[in-house]
Structures are given as C-alpha cells and as structure tokens.
1. Give me the lysines in straight-line cross-link reach of Lys5: C-alpha distance below 25 Å, same-chain residues under 8 apart excluded.
2. Of the DSSP beta bridges with both residues in the chain, give the percent that are antiparallel, rounding to the nearest 5.
3. Tell me the label only: which of [x] 17.8; [y] 20.8; [z] 17.1 is Kirkwood radius over Cα pairs in Å as calculated from this structure?
4. What whole-number distance in Å separates the alpha-carbon centres of segment 1-34 and segment 117-192?
5. At a Förster distance of 22 Å, what's the computed FRET efficiency of Ile77 paired with Arg106, Cβ-Cβ distance as r, to 0.05?
6. All other residues with a Cβ under 12 Å from the Cβ of Thr114 taken together, and with Lys, Arg as +1 and Asp, Glu as -1, what is their net charge?
7. Using Cα pairs under 8 angstrom and six or more residues apart, how large is the relative contact order of segment 78-119, in percent?
8. Where nothing but the Cβ of Lys and Arg (+1) and of Asp and Glu (-1) is charged, how large is the charge dipole of the chain around its Cα centre, in debye to the nearest 20?
Amino acid sequence: MYLIKTPRVIQKLFPTFHWRVDRPMARPTLYLTFDDGPIPQLTPWVLDQLAQYDAKATFFCVGNNVRRYPAVLQQVIDAGHTVGNHTMHHLDGWKTDNVPYFHDVRHCAKQLKTPLFRPPYGRLKPSQVQFLQRHYEIVMWDVLSGDFDPELTADDCYDNVIENARPGSIVVMHDSLKAEEKVREILPRLLAYYSERGYAFDRLTAKLVVSPGPMVDVQLKTA
C-alpha cells in the first residue's frame, strides 16, 4: 500500500523533510527525480530524453550501481543534473538497525559527495531521522508515478503524474530495470505534456530545498 499523492497533512507532520518546492518561479516548474540507478540499460536513454527538452533532473543513486557503472554516473553529472544518495545497498530503514544503516548511507555519501538523501521506500525510523537530518537534506516527494508497480500499466503511471503534479511538485520515477518498460513509454509523454503547458524541469539543489520556506519530505513507498 502506498500513496500516489503525498497529502499536505503528512507533509506538514514532517516539516524537516522536503516534499515539494514552494517558492516563486518565473515559469511553473516540475522537479523530476529518478531513483535506483545509474544503470547502462536505461540511464543514458533517460538523459537523452531530458536533453531534448533542456530538462534537468535529480538522480538518487544506489552506491552499488555507482561503483559498478562510474561512467554512467559521469554522464549524469556532465549533463548538468544533480545526484543524491539512495544508500549503498538500497536498504529499508524500517528493517535495518541504525548503525549498519548509517554506515551504508555514509559509504554511498563518500562516492557521491552530495548533501541530498532519499531513503529507499521512503522509510526511516524516528531515531534514523534525528541523526540523518543533522548531516543531509532528506528529500521525499509530492507525487509518486508508481512505475515500479507490476500491477500498474504505463497509462496508469502517466495518469498518476498528470492528475497530481502541480508547479513545485517533486515527482518520483525510476531508472531501474524493474521500471524500464514503463519509463520508456511515459517519460517522453510527460516531458511533451508539461512542455506544451509552459513548464520547466529543474534539478534539486541543497540551496533550493532549504530556502525559503516549507519544503519537506518523509516516508512513503517507492520501489
């Protein structure tokens, strides 16, 4: 069970997390994020699609994939996108003791050198939050595409985004093998849909998520 749209009440309950970007923009802006990569089978294709619309995004990377595919990570960075920490081994915070969880996060952080962190599945224990938020900006999301869910069609995932995303929304997709078929279908459609409506696509940065007002995230379920 997971929520496609993170209710405002949940966002307000966890004000130290970053759910969306609430600040004035010259154009309506979406913040596309991609979890679980980088992988050579899909990430370069995602980069090509983004480039066609001069779109920037944020990639929350699993450290093991960074270690295995450093050239793909470099492609992400060279294209001007932001990277974030998604733990070394895609650990579930609810099912992992604190010390090994913190070591796993730090191991990934050493490779990526980024203050942005998104917990896999959006799951953190309160004690983990207390520690991690002293060292990282914890980025959750406003809208979940559901591209990881085998019971959803690509059309379902597309509708999840266009029916719920608004200016400032942080949207979760995945550059993973599990999501590949759906991402290849819906990403071009989403980029075209929002571009036709005057939207820009921007990356998240530490400065952006901490200023000037409420932008927070916490725990929902992503693949």
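Any read-out appearing in this document is the output of simple, stated calculations on the displayed coordinates, not a laboratory observation. As the structure is a computational prediction, the values presented were derived from the model and not from experiment. Quick reminder, even Gly has a Cβ in these numbers, built from the backbone with ideal geometry, and neighbours come from all protein chains shown.
1. Candidates past the 8-residue exclusion: Lys56, Lys95, Lys125, Lys178, Lys182, Lys207, Lys221.
2. Numbers: 2 of 22 bridges.
Around 10 percent of the beta bridges assigned by DSSP in the chain are antiparallel ones.
3. Computed from the coordinates, Kirkwood radius over Cα pairs in Å corresponds to [z].
4. One Cα centre to the other: 11 Å.
5. Values: r = 20 Å, r/R0 = 0.93.
Efficiency computed from Cβ-Cβ geometry: 0.60.
6. Values: positive: Lys110, Lys113, Arg118, Arg203; negative: Glu137.
Net charge in that neighbourhood comes out at +3.
7. Details: 40 pairs, mean separation 25.1, N = 42.
Contact order relative to length: 60 percent.
8. The dipole magnitude comes to about 920 debye.
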